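These notes are about the structure you will find just below.
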Amino acid sequence: MRLVLMGPPGAGKGTQALVIAGVLGVPHVSTGDIFRANVSRGTPLGIEAKRYMDAGDYVPDGVTNAMVRDRLSQDDCRPGFLLDGYPRTVEQVSELDAMLRSDGLRLDAVVELEVDIDEVVGRLVKRAADQGRSDDSEAVIRRRLEVYGEQTAPLLAVYRDQGLLVAVDGLGKVDEVTGRILAALSIER
Ligand code: ADP
């Protein structure tokens, strides 16, 4: 299965993606995780990405697309993958489409985690306290939500028009949300 998980920062994408990828037996491909791994190793990609991440802005499409193309071309992604945090811009949508199409493939579904914005801000503030992520300060959190609304929320309509969008209520216990996602995709645990 080739899936995309979408939703605003703090919607719980990373948490759900890990579980769902585990159930499906496909790699969890998180662009945020790949960027953070590069930041902590101090690679050229990490040094470039950190400037944008710390401001709450998106890393430029050219950089992000090349990184995803490389990751999806690896053998473990052949049977399928779960993308978390990508695509996030209209240009990333067409790039992903082109990557898949050149191999005769397509997405099976795009899962949208629907959450209340106040709830999300609360979660992000708590994560800032627990994990100390450098992009989790309140000003940067607000900026990330704004960027999501401007650049990523419009993608939902694109995928809805393609008949790929599956909206799932993201509020509740982790396990409940997982159950809803699996049910919406007709996947048995
Ligand atoms: P969250 O979902 O909480 O915003 P992520 O871990 O998915 O966090 O992403 C953290 C940061 O990494 C983003 O704010 C952005 O700067 C960068 N990033 C991740 N994915 C992308 C992407 N697809 N395009 C551009 N930038 C990205």
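What number, rounded to the nearest 500 deg cm²/dmol, is the helix-based mean residue ellipticity at 222 nm of the chain, given -39500 (n - 2.57) per DSSP H run of at least four residues and division by all its residues?
On the way: 9 runs with 104 residues, N = 189.
Helix-only estimate at 222 nm: -17000 deg cm²/dmol.
Could you check the simple spin-label distance between R160 and S137, using points 7 Å along Cα→Cβ, in nm with one decimal?
Computed distance between label sites R160 and S137 equals 3.6 nm.
Given 0.36 nm per residue, what is the gain on full extension from S94 to K126 after removing their alpha carbon distance, in nm?
Values: separation 32, 0.36 × 32 = 11.52 nm, distance 3.46 nm.
Going from the current span to full extension adds 8.1 nm.
Over the alpha-carbon set of the range 2-184, work out the extent along each principal axis and list the three values in angstrom, largest first.
That gives 43, 39, 29 Å along the principal axes, largest extent first.
Can you give me the distance in nm between label points at I187 and Y52, each placed 7 Å from the Cα along the Cα-to-Cβ direction?
Those two pseudo-labels are separated by 2.7 nm.
What ranking do 30-41, 167-178 get when scored by the average of other Cβ atoms within 10 Å per residue, highest first? Don't jump to the answer; show the numbers that get you there.
Working: 30-41: 17.1, 167-178: 14.9.
Highest mean packing first, the order is 30-41, 167-178.
Which of the lysines could a cross-linker bridge to K50, judged by Cα under 27 Å and excluding same-chain residues fewer than eight apart?
Of all the lysines, those that pass the test against K50 - Cα under 27 Å, at least 8 places apart if same chain - are K13, K126.
Which far-off residues, 5 or more places away or on another chain, put their amide H under 5 Å from the one on R2, with H placed in the peptide plane?
F81, D108, A109
Take peptides 131-143, 97-109 and line them up by average Cβ neighbours within 10 Å, highest first, as a rough protection proxy. Intermediate results must be reported in sequence, preceding the final value.
Values: 131-143: 14.6, 97-109: 12.5.
Peptide ranking by packing, descending: 131-143, 97-109.
Set Lys and Arg Cβ to +1 and Asp and Glu Cβ to -1, take the dipole of the chain about its Cα centre, and tell me which of Q131, T89, L165 lies farthest positive.
My answer, from the dipole projection, is Q131.
Values in this text are rule-based calculations from the coordinates and carry no lab data. Small disclaimer: the values here were computed from a predicted structure and weren't measured. As a convention, Cβ positions derive from the backbone with ideal geometry for all residues, glycine included, and neighbour counts pool all protein chains shown.
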